[in-house]
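S.K.: Supplied in structure tokens, the structure appears directly below.
The values are calculated or read from the model by the stated rules, or taken from the named source; none is laboratory data. Just so you know, these numbers come straight off a predicted model, no measurement behind them. Here the Cβ is made from the backbone with ideal geometry for all residues, glycine too, and neighbour counts use every protein chain on show.
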Amino acid sequence: MKRFFVILMALLCLTFSGQAREKLLTLYLHGDENENRIAVTIDDWYEPERLAEFLDAAKEYNCKLTLYPVGEILKEKDRDLWLRVLAEGHEIGNHSNTHKNLSKASRDSIIRQLTNFEKNLNKALGQEYVVNTLRYPYGAGRKSGTRGAFARAIRDAGYMHVVLWNIDSTDPDTIMRQVGNGSIILLHGNKKDLRAFREILPRLQEKGYEMVTVSELLGLTKTSPDPAAPTASPVP
């Protein structure tokens with residue numbers, strides 16, 4: 001009996017240890033550095049009136065964007081614009097509902113932030129949209145890693161792929177110096193970043209970069225917890 005109890009406890013310890021080590025999320029700073037593809041991502045959108053101008057510029061240079069709006073700015077009155085985003089092959093990701101620092105939030109608050117974003121997005125679109133990726137507001141949450149209670153809350157909200165960035169600048173020359181195969185560029189939906197976006201587009205095209213969505217860059221699907229592309233570069 002004593003031996004059985006010892007074996008049972010050992011098995012339980014192994015089980016809980018395995019759960020603690022379980023990788024719940026994959027975080028990305030960039031994609032495959034062997035392919036000349038990059039992703040331009042644009043966050044927040046507190047100036048939604050700029051959206052059409054970003055889309056016009058992107059269309060001219062065959063650039064597919066990934067937009068990370070804050071859920072509270074998504075309004076039915078802008079439906080035509082957001083439907084245009086989808087019609088032109090761009091992607092929309094979750095950036096929380098109120099730009100809350102998720103790393104300091106409770107599990108219930110994290111789940112509310114992410115699900116309320118989805119509700120506002122679907123209401124603005126007038127249809128259901130499957131969101132592939134999450135971007136933490138402020139990038140906060142990266143230090144919390146891919147395991148543990150924080151990662152479990154993100155996973156419980158339905159997210160397995162967290163996309164960060166490796167270029168964060170509004171200076172076109174700085175962006176062009178830093179850009180390389182697989183880069184993920186961070187911009188924001190405002191007038192200042194629109195100027196930078198317009199300037200870098202022809203320069204990126206001249207360098208031969210294919211500008212794709214983050215899901216294309218990383219080979220992600222909604223149903224798989226792991227990237228389909230084995231050469232994508234997750235954060236350890």
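S.K.: What pairs come out if I take residues in the range 198-214 that are in contact (Cβ under 8 Å) with a residue 40 or more places away in the chain and pair them with residues that are hydroxyl-bearing (Ser, Thr, Tyr) whose C-beta lies under 6 Å away, six or more apart or interchain?
M.R.: Final answer for the pair search is Leu201/Tyr61; Gln205/Tyr61; Thr213/Thr66; Val214/Thr66; Val214/Thr133.
S.K.: Looking only at the range 97-143, filter to residues that are assigned to a helix (DSSP H, G or I) and of a type in the set (A, V, I, L, M); which one of those is surrounded by the fewest Cβ atoms within 10 Å (Cβ to Cβ)?
M.R.: Ile111
S.K.: Among the numbered criteria (1) β-branched (Val, Ile, Thr); (2) within 18 Å of Val131 (Cα to Cα); (3) at pLDDT below 95, which single criterion is violated by Thr15?
M.R.: Every condition holds for Thr15 apart from (2).
S.K.: Quick check on the range 57-99: of everything there that is touching a Ser or Thr at 6+ places or on another chain (Cβ under 7 Å) and among the β-branched types (Val, Ile, Thr), which residue is nearest to Ala153 (Cα to Cα)?
M.R.: Ranking the candidates gives Val70 first.
S.K.: Looking at the range 34-58 only, could you name the residues that are of a type in the set (D, E, K, R) and either within 21 Å of the chain's Cα centre (by Cα) or part of a loop (DSSP other than H, G, I, E, B) (or both)?
M.R.: Result: Glu35, Arg37, Asp43, Asp44, Glu47, Arg50.
S.K.: If you don't mind, another one. If only one of Glu47, Glu76, Glu53, Glu88 is acidic (Asp, Glu) and out of contact with any Lys or Arg (no Cβ under 7 Å at 6 or more places or on another chain), which one is it?
M.R.: Glu53
S.K.: In addition: For the range 187-219, which positions are hydrophobic (A, V, I, L, M, F, W, C) and in contact with a Leu (Cβ under 7 Å, 6 or more places away or on another chain)?
M.R.: Result: Ala196, Phe197, Met211.
S.K.: Let me ask another. Go through the range 144-174 and count every residue that is crowded, with 21+ Cβ neighbours inside 10 Å, more than 17 Å from Leu220 (Cα to Cα) and in contact with a strand residue (DSSP E or B) (Cβ under 6 Å, 6 or more places away or on another chain).
M.R.: Within the range 144-174, residues that are crowded, with 21+ Cβ neighbours inside 10 Å, more than 17 Å from Leu220 (Cα to Cα) and in contact with a strand residue (DSSP E or B) (Cβ under 6 Å, 6 or more places away or on another chain) number 1.
S.K.: Look at Leu86 and say whether it is under 28 Å from Arg147 (Cα atoms) and either out of contact with any Asp or Glu (no Cβ under 9 Å at 6 or more places or on another chain) or assigned to a loop (DSSP other than H, G, I, E, B) (or both).
M.R.: For Leu86, the condition - under 28 Å from Arg147 (Cα atoms) and either out of contact with any Asp or Glu (no Cβ under 9 Å at 6 or more places or on another chain) or assigned to a loop (DSSP other than H, G, I, E, B) (or both) - is not met.
S.K.: Now a separate question. In the range 55-73, what residues are free of Cβ contacts under 8 Å to residues at least 40 places away in the same chain and among the acidic types (Asp, Glu)?
M.R.: Asp56
S.K.: Among the listed residues Leu86, Leu81, identify the single one that is surrounded by 15 or more Cβ atoms within 10 Å (Cβ to Cβ) and either of a type in the set (Ser, Thr, Tyr) or at pLDDT 95 or above (or both).
M.R.: Criteria check complete, one pass: Leu81.
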